[in-house]
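K.L.:
Here's a structure for you.
Read the figures in this text as sums done on the coordinates, not as results from a lab. As the structure is a prediction and not an experimental result, all values here were calculated from the model. In this analysis, Cβ positions are derived from the backbone assuming ideal geometry, glycine residues included, and neighbour counts consider all displayed protein chains.
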Amino acid sequence: MTQLAGGDGRSPGTSLSVPVSGRVGVQAWWRTPTARRYLFGYTLLAPAVLYVSLLVGVPFAFSLYLSMSDASVGNPVARFVGLENFKAALENATFYTAVRNTLVFTVGAGILKGLLGTTLAFLLLQSFKGRKVVRALLVIPFTLPIAVSVLGWKWMFDSQFSVINWALSRLQLIGPYGSPDWPVWLGQPGLALFSVMFVNVWRGFPFSAIVLLAGLTSVPPEIIDAAKVDGTTFMQRFRLVIVPMIAPILFIGSAFDTVFTLSDLSIVYLLTNGGPDAATEILPTLAYNTGIRAGALGRGAAISLFLFPLLLPAMILLLRTLRRRQY
Amino acid sequence: MIAAGAGHPRSPRSKEIRRHALIYLGLAPFLVLAVFPVFWMAITAIKQDPDLYLVGAAPFWFRLPPTWKNFDFLFNNTFYKDWIINTMAISFWVSAITILTSVPAGYALARLRLPFAENLGIGIFMTYLVPAIILFIPLARVVSTLDLQDSWWSLVVVYPTFTIPFCTWLLMGFFKTVPFEIEEAAMVDGCGQLGALCRVVLPVSWPGIITAIIFSFTLSMQDFLYSLAFVSISDQKPVPLGVATELIRGDIYFWGSLMAGALLVGVPVAIVYNLFLDKFISGITGAAIK
């Protein structure tokens, strides 16, 4: 039976070594080509599955345990404390600031990346001379290692020698250094949150544009032409024809971007480390500073787990899109 | 006919020029936004220190002659050489682990029609989305249990948690495009399943395998959190962490050397990544447009 279930002519094993009649009852099931193929296949899969289970699955479960213990760097024997860490987080004013900033950061940056990415994608969709060079230059922000480019921004946001301020002051938009309208990008609460968000947008907009471009070029031109013949406006075509067709790729792109934005520590850590006065504190920096810097592993694990409900919608969206695809 | 043509010889051409001008005009702000920071880092890297802090004259060009001093400082007064060697070694081992695990896994998921192959593949890929920020605290325990804290080997253990899921998914897509016939032909010629894989499928799959190696390198280079959390000894750091933590002493920023050190490694990575970017995008979205 097993043998028949697996044999569909293209099977590498069955078509070769199985005489069609007579031996079905004789051969032990684990000797059948199908069983051997399964064994071979799962053996090949085992190293990857084991690695990922041991270093992603187990740590994830372990972080649930840690979050309910008073584990710290100096204290290897942890005590079970129930939901104490979560309660402590919820009683901390900085935690609420971090949640609020995380949401503002992710949603605000997401909207900006969407707008810039869409504009850029439609520009890149045109045919023009030097398109390849332009595209290669435009994706630089996304391809530079994140810590590298954030350091560049830190220098550009310097409180005194900021090149941005130099230009703004030459354009008479702000006063000279020392005057009250001289912006200190990373030192003033509102501006600091805007600045870290801006760097995230700077890094992410090429990704949005390229993903969108990949989607747009996959829409057959005949369909657009047919809609044009039917007398639709550009906005109608965009909303009713293009968006539904590229929806899966949009979902995947935004799911990735959301996860990476929500969980990214390096921009805020390197630019402001949550300051001034927790104005840019986000859940990742709070988790890092509590868990590693202050050594309260249990507390830190609890804070980072608060990210999970925020990540979940993006992951579910991705999962459903991947499972619904056609072969 | 000829006269009519000669009457408006430039009309289509000037229309084309107008169209180009509009497109370039639209692209210009994006180009400035994308490229200026890199230009600014590059020019900072080869400026003399006093030139950085001159107020008044336009800072976009040299007011004092350019210098390689910042690079000298990097190589002679910091652990930069060690950081480069560490980064290379980490990337090498991460790539080795990734290829040895994800090539067989991607092949099995794509070709052997295993039950649950599709769900297993999606499951492995989904772990790519479990972010470092959730895993770094429990992994800190794993690292200290393995006695690897403060050594770059801890990163060799940890980086495959995101390179294996991504590369398995990438290679799975790749192996699906290799024709079944060549494998069947090999087996008719007497190869076993493993023989067919090693002698026939792998040799034609090198573009996919090279892509996977490139991504093991570039994705490892993108990490900051794991290295920050697990490695704090100066000569054990990879380049991004070393530059970001060792060239800032208290309130003093070595801007020139910071930019030099960051770009020296950042630019080659960006170039390679740039060349393979379409593979990255279709790796994560290919499933949706297939």
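K.L.:
Using amide H atoms built in the peptide plane, which far-off residues or other-chain residues are under 5 Å from A:Ser69 H to H?
P.N.:
Distant-sequence amide H within range of A:Ser69: A:Val81.
K.L.:
Hey, which aspartates and glutamates would be in cross-link range of B:Lys176, C-alpha to C-alpha under 15 Å, not counting anything within fewer than 8 residues on its own chain?
P.N.:
Cα-Cα hits under 15 Å: B:Glu118, B:Glu184.
K.L.:
Here is a follow-up. Compute the convex hull volume of the Cα atoms of chain A, divide it by the residue count, and report the result per residue in Å³ as a whole number. Before the final figure, lay out the partial values.
P.N.:
Details: hull volume 78.3 nm³, N = 327.
Convex hull volume per residue, Cα atoms: 239 Å³.
K.L.:
Further, regarding this structure: Using alpha-carbon pairs under 8 Å, 6+ residues apart, how would you state the relative contact order of chain B in percent? Intermediate results must be reported in sequence, preceding the final value.
P.N.:
Details: 271 pairs, mean separation 79.8, N = 290.
Relative contact order here is 28 percent.
K.L.:
With a length cut of 27 Å (Cα positions projected on each helix's long axis) and a Kyte-Doolittle mean of at least -0.5, go through chain B and give me the DSSP H helices that pass.
P.N.:
Qualifying helices: B:11-45, B:80-111, B:255-275.
K.L.:
Now for a separate question. Excluding residues fewer than 8 places away in the same chain, name every one of the lysines whose C-alpha is closer than 30 Å to that of B:Lys15.
P.N.:
Straight-distance partners of B:Lys15: A:Lys129, A:Lys132, A:Lys228.
K.L.:
Where is the GNM fluctuation largest for chain A (alpha-carbon springs, 10 angstrom cutoff): A:Thr34, A:Thr102, A:Thr280?
P.N.:
A:Thr34
K.L.:
On to the next question. Would you calculate, for the protein assembly as shown, the mean residue ellipticity at 222 nm contributed by helices, counting each DSSP H stretch of 4 or more residues as -39,500 (n - 2.57) and dividing by all residues, to the nearest 500?
P.N.:
Working: 33 runs with 419 residues, N = 617.
For the protein assembly as shown, the value works out to -21500 deg cm²/dmol.
K.L.:
Express the Stokes-Einstein translational diffusion coefficient of segment A:84-162 in µm² s⁻¹, to the nearest whole number, given a Kirkwood radius over alpha-carbon pairs, 20 °C and a viscosity of 1.002 mPa s. All intermediate terms of the calculation are to be shown ahead of the outcome.
P.N.:
Working: Rh = 16.4 Å.
Estimated diffusion coefficient is 130 µm²/s.
K.L.:
Moving on. For B:Lys69, which lysines qualify as cross-link partners when the Cα separation must be under 29 Å and same-chain residues fewer than eight apart are set aside?
P.N.:
A:Lys154, B:Lys47, B:Lys81, B:Lys237
K.L.:
Here's something else I'd like to know. Jot down the per residue volume, in cubic angstrom and as a whole number, of the convex hull over the alpha-carbon atoms of the protein assembly as shown. Write out the running numbers ahead of the final one.
P.N.:
Working: hull volume 140.7 nm³, N = 617.
Measuring per residue, one finds 228 Å³ for the Cα hull of the protein assembly as shown.
K.L.:
Then there is this: Going by Cα centres, segment A:204-260 and segment A:133-158 are how many Å apart?
P.N.:
26 Å
K.L.:
Let me ask another. Dividing the Cα radius of gyration by the Kirkwood radius, what Rg/Rh value follows for segment A:229-327? Working shown, then result.
P.N.:
Numbers: Rg = 19.5 Å, Rh = 16.3 Å.
Over the Cα atoms of segment A:229-327, Rg/Rh equals 1.20.
K.L.:
Kindly provide log₁₀ I(q)/I(0) values, in the same order as q = 0.24 Å⁻¹, from the Debye equation applied to equal alpha-carbon scatterers of segment B:64-115.
P.N.:
-0.88
K.L.:
Rg over Rh of segment B:79-289, using C-alpha atoms and the Kirkwood radius, what does it come to?
P.N.:
Here the Rg-to-Rh quotient is 1.04.
K.L.:
Most exposed first by the Cβ proxy, i.e. fewest other Cβ within 10 Å, how do B:Arg111, A:Arg293 rank?
P.N.:
The most exposed by this proxy come first: A:Arg293, B:Arg111.
K.L.:
Taking segment A:162-266, how much of its Cα-Cα pair set, in percent, is spaced more than 23 angstrom apart? It would help to have the intermediate numbers written out before the result.
P.N.:
Values: 2922 of 5460 pairs.
Tail fraction, whole percent: 54.
K.L.:
Apply the membrane-span-like helix rule to chain A: whole DSSP H runs, Cα extent along the own long axis of at least 27 Å, mean Kyte-Doolittle hydropathy at least -0.5. List the helices found. Walk me through the numbers on the way to the answer.
P.N.:
Working: long enough: A:33-52 (29 Å, 0.69); A:93-125 (47 Å, 1.34); A:189-217 (42 Å, 1.49); A:243-263 (29 Å, 1.59).
Result, helices passing both filters: A:33-52, A:93-125, A:189-217, A:243-263.
K.L.:
If the chain between A:Leu312 and A:Thr94 were fully stretched, how many nm would it gain, using 0.36 nm times the residue separation less the Cα-Cα distance? The partial results should precede the final answer.
P.N.:
Details: separation 218, 0.36 × 218 = 78.48 nm, distance 2.32 nm.
Here the segment from A:Leu312 to A:Thr94 would lengthen by 76.2 nm.
K.L.:
Next question. Given the Cα atoms of segment B:15-154, and with Rh set as the inverse mean 1/r over their pairs in the Kirkwood sense, what is Rg to Rh to two decimals?
P.N.:
We get a ratio of 1.16 for segment B:15-154.
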